[in-house]
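Student: Mind having a look at this structure? Questions to follow.
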Amino acid sequence: MDISVKHQDLTTILANVVVLGIFEDDKNLNPAQTIVDKSLKGLISNYLIKSEGFKGKFADSVIVPTQLKIPADKLMLVGLGKKKEFDCSKLRELCAKVIKQLDKSLNIKNVSIELLGLTSGNFDAQSCANAMSEGMLIAMYDYDKYKTKKSTPQIKKVRIVAYDTKDEKSAKAGVNSAKILCSAMDFTKDLINEPAQNATPETISQVAKNLSTDLGLTIKIYNKKQLSDMNFNAFLAVGQGSEREPKFIHLTYKPAKKAKKKIVLIGKGITFDSGGLDIKPANSMLTMKTDMSGCATVLGVIQAIAALKPDVEVHVLSALCENMPSGSSYKQGDVLTAKNGKTIEVDNTDAEGRLTLADVLTYADELNADEVIDIATLTGACIVALGQNITGIMGNNHNMIENIINIGKKSGETLWELPIFDDMQDMLKSDIADMRNTGSRFAGASVAGRFLQNFTKSKNWAHIDIAGTAFIDKPYRELNKGATGVMVRTLTNYIMSL
Ligand code: BES
Ligand code: MN
Ligand code: ZN
């Protein structure tokens, strides 16, 4: 499905359908709509709005034939809801609904849709076109790799029509950045949805290698022997029960100009989390191929960054392994010496993500970055606290966190800060080592954050918990069920804002 922007009179457009938006509390037609209404002899104003009572309620819609009065076959009105409730998140969600509905309708290959939302007065053409395209592209994602019958979308072309010439250029910029972000999200979602039998430490590091070749990034891939020499002991312990060799990947994007800032992104890369000897109940294991979502996310982000080319140096790190029970697994009670020298008593082999992240955070220290952000499907407790549609964020710099949350809001992704208190370390006390890897059931997301804090020296560190949001079992706004690609937009836009 290709999206483009054109400045054109809607009455001259050849398309299967022309889509127009009507606010619930303002049914005066805008100039572009007035021209269409005239050509259609008052079909919109007299018939649809007055006689049929189209109210413009959010996401309500009506489709009618134009009976050859304009070149387009059909006219669709969609409700934009109340002006003061309208924002880019609403617009994204709306366009997702519209494109799905049209894709299911008969004989619609070619859609023209006016640049919606401008008359709300709150948003510029670039943000509106961006939100519209994101909504449509995200909604059309489908993972059909393993279906013998593929789901090709019926709609081939979408044209966003700008009435004003001055809006054309900025709308084009909005569509362009949406395409970059959505293709990065597609990449991330594909990787998360891929079964663990094929998404292994080996194959994912190969995917990262190909990505770096295609995008002109540098990459280092470390094997088990090298990692052992580098003292990634906590990480290697987690992977030791698996038949598959662990890998650690380090990708770098360097700007052409001198970098304004240096950022490290770390993604949790457990390619399958069985729980290890603290084996998970069957039901909880069902979606554990997604435990490398953090890795898939940061790979998506660096793909988008390579296309958008900010003057920021970006490092992407991920420690990839499987958490499996076997004769060689790490055990309850084992004491691990992490890369930074601190000792950890293994209290629960299912709290493996934090062990792998610990060593990567220490490795990140050596890069002397301005900011370090890790992203992980880390705790069930985060899902209990915030559900499947809100991402948890915590760290040691409230301002940095606030900035990420605000960028998230603009990107259509919700984050909420959870606290980390120094004395939460008490819950991690061990009788025989510096700490253990779990606390009690209580405040589980925060205690995991407190654990991680022991392994970073960065003053600007944020930890993002996507356990609930990376993979959802019910559609939400523009997102389909399954992998969401959550935080690709927020983290990319955050880096672009630095
Ligand atoms: N990968 C899981 C967290 C998770 C749960 C992600 C559900 C996505 C959906 C993590 O490794 C884990 O098992 N965490 C444990 C920690 C506990 C043992 C302290 C948890 O949350 O139950
Ligand atoms: Mn686990
Ligand atoms: Zn896990």
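Student: Using the Cα centre as the reference, give the magnitude of the dipole from point charges on the C-beta atoms of segment 72-192 (Lys, Arg: +1; Asp, Glu: -1; all else neutral), rounded to the nearest 20 debye. Before the final figure, lay out each step's value.
Tutor: On the way: 22 positive and 15 negative charges, 81 e Å.
The dipole of segment 72-192 has a size of about 380 debye.
Student: Hey, what number do you get for the chain at 222 nm if only DSSP H runs of n ≥ 4 count, each worth -39500 (n - 2.57), divided across all residues, to the nearest 500? The partial results should precede the final answer.
Tutor: Values: 14 runs with 172 residues, N = 498.
Value at 222 nm, helices only, nearest 500: -11000 deg cm²/dmol.
Student: Also, quick follow-up: Any chance you could check the Cα centroid distance between segment 436-498 and segment 216-232 for me, in angstrom?
Tutor: 24 Å
Student: Further question on the same structure: Give the order of LEU116, LEU217 when sorted by the count of other beta carbons within 10 angstrom, beginning with the fewest.
Tutor: Working: LEU116 25, LEU217 20.
Starting with the residue having the fewest Cβ neighbours, the order is LEU217, LEU116.
Student: With the Cα gyration tensor of segment 95-210 giving a ≥ b ≥ c as the square roots of its eigenvalues, does the rule (a/c under 1.5 for rounded; else a/b larger than b/c for prolate; else oblate) give rounded, prolate or oblate?
Tutor: On the way: a/c = 3.15, a/b = 1.68, b/c = 1.87.
Oblate is the answer for segment 95-210, as a/c is 1.5 or above yet b/c matches or exceeds a/b.
Student: So for the chain, averaging the separation of alpha carbon pairs under 8 Å that are six or more residues apart and normalising by length, what relative contact order in percent results? Before the final figure, lay out the partial values.
Tutor: Values: 1125 pairs, mean separation 72.0, N = 498.
It rounds to 14 percent for the chain.
Student: Express in nm, to one decimal, how much length is gained between LYS220 and ALA282 on full extension, taking 0.36 nm for each residue of separation and deducting their alpha carbon distance.
Tutor: Working: separation 62, 0.36 × 62 = 22.32 nm, distance 3.58 nm.
That works out to 18.7 nm of additional length.
Student: Would you mind ranking ASP374, ASP167, ASP273 so that the residue whose beta carbon has the fewest other beta carbons within 10 Å leads the list?
Tutor: Details: ASP374 30, ASP167 22, ASP273 25.
Ranked by crowding around the Cβ, least crowded first: ASP167, ASP273, ASP374.
Student: Loop-only check: which chymotrypsin sites (Phe, Trp or Tyr not before Pro) in segment 118-181 are DSSP coil with at most 11 other Cβ within 10 angstrom? Working shown, then result.
Tutor: Values: sites: PHE123, TYR141, TYR143, TYR146, TYR163; in loops: PHE123, TYR141, TYR143, TYR146, TYR163.
Answer in residue order: TYR146.
Student: Same structure, new question: Among the chymotrypsin sites (Phe, Trp or Tyr not before Pro) in segment 220-306, which ones are in a DSSP loop with at most 15 other Cβ atoms within 10 Å of the Cβ? Mind listing them? Kindly include the intermediate steps, with their values, before the conclusion.
Tutor: On the way: sites: TYR222, PHE232, PHE235, PHE248, TYR253, PHE272; in loops: PHE232.
Within segment 220-306, no chymotrypsin sites (Phe, Trp or Tyr not before Pro) qualify (loop, at most 15 other Cβ atoms within 10 Å).
Student: As an exercise, identify the chymotrypsin sites (Phe, Trp or Tyr not before Pro) in segment 358-442 lying in DSSP coil whose Cβ has no more than 15 other Cβ atoms within 10 Å.
Tutor: Numbers: sites: TYR363, TRP416, PHE421, PHE442; in loops: PHE421, PHE442.
Counting only loop positions with at most 15 other Cβ atoms within 10 Å, the chymotrypsin sites (Phe, Trp or Tyr not before Pro) in segment 358-442 are PHE421, PHE442.
Student: In angstroms, what radius of gyration and Dmax does segment 43-85 have, counting Cα atoms only?
Tutor: Over segment 43-85's Cα set, Rg and Dmax evaluate to 11.5, 36 Å.
Student: Can you flag which of LYS55/LYS474; LYS90/LYS474; LYS262/LYS309; LYS268/LYS457 are past 25 Å Cα-Cα?
Tutor: Numbers: LYS55/LYS474 28 Å; LYS90/LYS474 18 Å; LYS262/LYS309 14 Å; LYS268/LYS457 19 Å.
Checking Cα-Cα distances, LYS55/LYS474 exceed 25 Å.
Student: Using the Karplus curve 6.51 cos²θ - 1.76 cosθ + 1.60 with θ = phi - 60°, work out ³J(HN,Hα) for each residue of segment 17-23 in order, rounded to whole Hz, and write x for Gly and Pro.
Tutor: Here the 3J(HN,Hα) series is 8, 10, 10, 10, x, 10, 7 Hz.
Student: So for segment 186-497, taking the charge dipole from beta-carbon charges (+1 Lys/Arg, -1 Asp/Glu), which of ASN480, THR490, THR200 sits furthest toward the positive end?
Tutor: Going by the Cα projections, it comes out as THR490.
Student: Suppose R0 equals 60 Å; then what is the FRET efficiency for THR12 and PHE442 from their Cβ-Cβ distance, rounded to the nearest 0.05? Before the final figure, lay out each step's value.
Tutor: Values: r = 64 Å, r/R0 = 1.07.
E between THR12 and PHE442, to the nearest 0.05, is 0.40.
Student: Now for a separate question. Going toward the positive end of the dipole of the chain, with +1 on Lys and Arg Cβ and -1 on Asp and Glu Cβ, which of ASN454, ASN107, LEU428 do you reach last?
Tutor: The residue sitting most towards the positive pole is ASN107.
Student: Neighbouring Cβ atoms within 10 Å as the yardstick, rank CYS88, CYS128, CYS321, CYS295 fewest first.
Tutor: On the way: CYS88 22, CYS128 25, CYS321 29, CYS295 33.
Exposure proxy ranking, most exposed first: CYS88, CYS128, CYS321, CYS295.
Student: What full-extension length gain, to one decimal in nm, is calculated for ALA59 and ASP2 as 0.36 nm per residue of separation minus the Cα-Cα distance?
Tutor: Value of the extension gain: 18.2 nm.
Student: Quick one: plug the Kirkwood hydrodynamic radius of segment 392-498 (C-alpha pairs) into Stokes-Einstein at 37 °C, 0.692 mPa s, and report D in µm²/s. Could you put the intermediate results ahead of the total?
Tutor: On the way: Rh = 15.2 Å.
Rounded to a whole number, D works out at 216 µm²/s.
Student: Tell me, what HN-Hα J-couplings in whole Hz come from the Karplus equation 6.51 cos²θ - 1.76 cosθ + 1.60 at θ = phi - 60° for each residue of segment 471-485, using x for Gly and Pro?
Tutor: 9, 10, 9, 10, x, 9, 6, 7, 7, 7, 6, x, 4, 9, x
Student: What residues have an amide H closer than 5 Å to that of ASN437, excluding those fewer than 5 places away on the same chain, when H is modeled at 1.01 Å from N in the peptide plane?
Tutor: Residues meeting the criterion, in which the H sits 1.01 Å from N, are GLU345, ASP347, ASN348.
Student: Could you pull the Rg and Dmax for segment 212-315, using just the Cα atoms, both in Å?
Tutor: Gyration radius and largest Cα-Cα distance of segment 212-315: 16.4, 51 Å.
Student: Same structure again: Expressed in nm², what is the orientationally averaged projection area of the convex hull enclosing the Cα positions of the chain? Walk me through the numbers before you get to the answer.
Tutor: On the way: hull surface 96.2 nm².
Its average projected convex-hull area is 24.0 nm².
Student: Rounded if a/c is under 1.5, else prolate if a/b beats b/c, else oblate: with a ≥ b ≥ c from the C-alpha gyration tensor eigenvalues square-rooted, which is segment 22-162? Could you put the intermediate results ahead of the total?
Tutor: On the way: a/c = 2.00, a/b = 1.34, b/c = 1.49.
The shape class here is oblate.
Student: Placing unit charges on C-beta atoms (Lys and Arg positive, Asp and Glu negative, everything else neutral), compute the dipole magnitude of the chain about its Cα centre in debye, rounded to 20. Mind dumping the intermediate values first?
Tutor: Working: 62 positive and 57 negative charges, 361 e Å.
The calculated dipole for the chain is roughly 1740 debye.
Student: Using Cα pairs under 8 angstrom and six or more residues apart, how large is the relative contact order of segment 180-287, in percent? Spell out each step's value before the answer.
Tutor: On the way: 67 pairs, mean separation 30.3, N = 108.
Taking the mean separation of contacting Cα pairs over the length of segment 180-287, I get 28 percent.
Student: Compute the normalised compactness of segment 130-185: alpha-carbon radius of gyration over 2.2 N^0.38 Å, N being the residue count. List each step's numbers first, then the result.
Tutor: Details: Rg = 13.9 Å, N = 56, 2.2 N^0.38 = 10.2 Å.
Dividing the Cα Rg of segment 130-185 by 2.2 N^0.38 Å gives 1.37.
Student: Another question, if that's okay. Over segment 331-435, what is the mean sequence separation of C-alpha contacts under 8 Å (at least six apart), divided by residue count, expressed as relative contact order in percent?
Tutor: Details: 86 pairs, mean separation 27.7, N = 105.
Worked out over segment 331-435, it gives 26 percent.
Student: Going through the cross-link list LYS6/LYS261; LYS38/LYS82; LYS156/LYS261; LYS97/LYS149; LYS339/LYS429; LYS209/LYS257, which pairs have a Cα-Cα distance over 29 Å in this structure?
Tutor: Details: LYS6/LYS261 37 Å; LYS38/LYS82 25 Å; LYS156/LYS261 40 Å; LYS97/LYS149 24 Å; LYS339/LYS429 19 Å; LYS209/LYS257 24 Å.
Beyond 29 Å: LYS6/LYS261; LYS156/LYS261.
Throughout, read-outs are computed from the coordinates displayed, never taken from laboratory work. Being a predicted model, the structure only gives us computed values, none of them experimental. All Cβ positions, even for glycine, are placed from backbone atoms using ideal geometry, and neighbour counts span all protein chains on display.
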